[in-house]
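Computed from the coordinates by the stated procedures, all read-outs in this text should not be read as laboratory data. The shown structure was predicted, so the numbers you read here are calculated from the model rather than taken from an experiment. No Cβ is skipped: glycine too gets one built from the backbone with ideal geometry, and neighbour counts run over all protein chains shown.
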Amino acid sequence: MESQEYTASYWKEKYEASETRRLELEALVIYYQEQFRLYKHRQYGPSSEKHHAADQLCLFGELVNEQTVADTEENFEVITYKRKKKSRKRADNLSRLPVESVNVYALPEDALGCPQCGEKMHKMSVIVHKTVKIIPAKAVVVEDRQVVYSCRPCAENEVIIPIVNAPMPEPVIKGSFASPSSVAYVMTQKYVYGLPLYRQEQMFTFLGFGLSRQTMTNWVIRCSHDWLIHIYNRLKVFLILREVLHADESPLQVLHEPVRSPHTLSYMWLYRTSGDTDKPIVIFEYKQTRAGENAKAFLKNFSGFLHADGHHGYHVLPGNIIISGCWVHLRRMWEDAYKAVPEELRSGNTITEQGLAYIDKFFKLEKEFADLPADERFISRLKESKPITDAFFEWVSGLNVLPKCALGAATTYTLNQRPYLENIYLDGRLEASNNRAERSFKPYVIGRKNWLFSDTVKGAEANAICYSILETAKENHLSPFDYLEYLFTKLPNCVMSDIDSLLPWSDTLPESCLAPDHPVKLARLEAARRTADAIVSSDSYVRVTA
């Protein structure tokens, strides 16, 4: 009898263990199927994150339905009318370009007879044909001749002969043929246009001289650490003074780091201002790890709000730094969960579609609040947006889903990040996403795909300095090349007290540094365009025979 009881108990345990294992394997199969569908979508599907689920608003329940009564069909009337089709705006906005010359092609006086009656014809109108003239880069040698003076009487009568050199500006690199324009050109090509140095080496051969990548590397590192570092440090000081910032990080491979394998990933950190300032600043910083201590060290004198994603490294920052979570990252998690569902099961009322409906309603309101002043946006969010997000978080907390699936990952992320996502309601200046930092990171990511890695720590630091200067210049509507050339002309010959006059928002910058979309330059170009139009409409042309 004991043997029979033992055998029944044994097989019961075996059955329960096998059943548990079967359920685990089923969950694992579901997980791998989801991952496969997500992989196929990322590889072949559209990259847009727009969601087109049918009748999303009906998924919110009573709360949102009460708030959207005004949006029901009964409150709208259909109006049909005709309007002129909008002309497509040209990507090449010629109005921002200066007009080099105006050639007028007209008939000579003896050819003004009417072909029908012979009478003299008058000018009826002028057809303006605009073309864009491209002036390619070219290299020339500039000879600066410094006169050396000596005293002949002293040479005849004295032991020491005084020799005096005429003063001249300090070069950007002593003993080198590098000029401000050549160094600025190399940096702009690499950091703005993503052209690695080995391709520039090939390009310079067509300009008539050889410039090795080793020489260009030395130029970039030397000029970054000798000159641009001063602007970089001042930008960091002004950045920390702001009350609202964004932060993000991205991998970087550095081949020769002390006591580290070449395959070990390092990180480029980014900190930038938010939309509440007219003096935007973007700072890149190279660090060996992704640890939160790096952000803590950089932001040690900062106090305020920091937009960031869900990386746990930002959650170790001191209490005077309030993390504002990224709702776009949250939406991506729910969008992935939606894409992981087989198409035949997407009924329009699945859990993932309900979650996306809540989030999309939140972003719809954010779009409506975008043009409001910060204080009004703060009030509107509390009144209209917060009830929706409160209902969303309560709804998510009541879900019971498998943790090891796309939907489980989305719900876990939502509940873990809730304290940081809800901080958007603390201040009207805060933004719903960290997209501002991600957009600033994009030139670095594109460049990294081309130059792949940094060879040394100094090279990685030079990359951070150059990207910081150039991205800040672009944010302030400056021409990257012209601004760098101006810096390399001025920095070797100025004192530290003059550094602030060289910052990207300084009023003392020459007009040549301003990009075509700079407000000052736009105003002047508009005036020049009106002058050119006035000339075109006048009779004071110098006639050019057709």
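Stokes-Einstein diffusion coefficient for segment 269-340 at 37 °C in a medium of 0.692 mPa s, Rh from the Kirkwood formula over Cα pairs: what value in µm²/s?
This corresponds to a translational diffusion coefficient of 237 µm²/s.
If you count the DSSP beta bridges with both ends in the chain, what percent of them are antiparallel, to the nearest 5?
Here the share of antiparallel DSSP bridges comes out near 65 percent.
Based on a Kirkwood Rh over C-alpha pairs, give the Stokes-Einstein translational diffusion coefficient of the chain at 20 °C and viscosity 1.002 mPa s in µm²/s.
The calculation lands on 72 µm²/s.
Divide, for segment 314-361, the radius of gyration over alpha carbons by 2.2 N^0.38 Å, where N is the residue count.
Compared with the compact-globule rule of thumb, segment 314-361 sits at 1.57.
Give me Asp500, Asp144 ranked fewest to most by other Cβ atoms within 10 Å of their Cβ, as a rough exposure proxy.
Asp144, Asp500
Take the cross-link list Lys174/Lys449; Lys236/Lys490; Lys449/Lys490; Lys279/Lys367; Lys361/Lys404 and give me the ones stretching past 31 Å between alpha-carbons.
Correct reply: Lys174/Lys449; Lys449/Lys490.
Could you give log10 I(q)/I(0) at q = 0.11, 0.14 Å⁻¹ for segment 128-277, computed by the Debye formula over C-alpha point scatterers of equal weight, without solvent?
So the normalised log intensities are -0.76, -1.00.
Rank the residues Met187, Met216 as a footprinting-exposure proxy: fewest other Cβ atoms within 10 Å of their Cβ go first.
If I rank by nearby Cβ atoms, fewest first, I get Met216, Met187.
Once you have the alpha carbon radius of gyration of segment 83-204, what is it after dividing by 2.2 N^0.38 Å, with N set to its residue count?
Cα-based Rg divided by the globular estimate yields 2.18.
Along the principal axes of its C-alpha atoms, what lengths does segment 241-362 span, in descending order and rounded to whole Å?
54, 39, 27
In nm, what is the difference between 0.36 nm times the number of residues separating Leu452 and Gln214 and their Cα-Cα distance?
Here the segment from Leu452 to Gln214 would lengthen by 84.0 nm.
Which FRET efficiency value, to the nearest 0.05, is calculated for Glu170 and Tyr193 with the Förster distance at 41 angstrom and r the Cβ-Cβ distance?
Between Glu170 and Tyr193 the formula returns 0.90.
Segment 131-202: which GluC sites (Glu not before Pro) are DSSP loop and have at most 16 other beta-carbon atoms within 10 angstrom?
Glu143, Glu158
Let me see the pair-distance distribution of segment 349-467: every alpha carbon pair, 5 Å bin width, integer percents in order.
Pair shares across the bins are 2, 9, 15, 16, 12, 11, 11, 11, 8, 4, 1.
Using all C-alpha to C-alpha distances in segment 358-416, build P(r) with 5 Å bins and read off the rounded percent in each one.
4, 17, 23, 17, 14, 11, 8, 4, 1
What's the exposure ranking of His315, His307, going from fewest to most Cβ atoms within 10 Å?
Ordered by Cβ neighbours within 10 Å, fewest first: His315, His307.
Apply the Debye scattering formula to segment 150-210, with a single equal point scatterer on each alpha-carbon and no solvent, then give log10 I(q)/I(0) at q = 0.21, 0.22 Å⁻¹.
The computed values of log10 I(q)/I(0) come out as -0.91, -0.96.
Could you list the square roots of 5 times each eigenvalue of the Cα gyration tensor of segment 417-518, that is, the equivalent ellipsoid semi-axes, sorted largest first and rounded to whole Å?
30, 21, 14
Taking the alpha-carbon centroid of each part, what is the distance from segment 278-304 to segment 169-204 in angstrom?
28
Amide H to amide H under 5 Å from His307: which residues, 5+ apart in sequence or cross-chain, H placed 1.01 Å off N in plane?
Leu245, His246, Ala247, Ser324
Under the Kirkwood approximation applied to all pairs of distinct alpha-carbon atoms, what is the hydrodynamic radius of segment 92-150 in Å?
Taking every pair of different Cα atoms in segment 92-150, averaging 1/r and inverting gives 17.7 Å.
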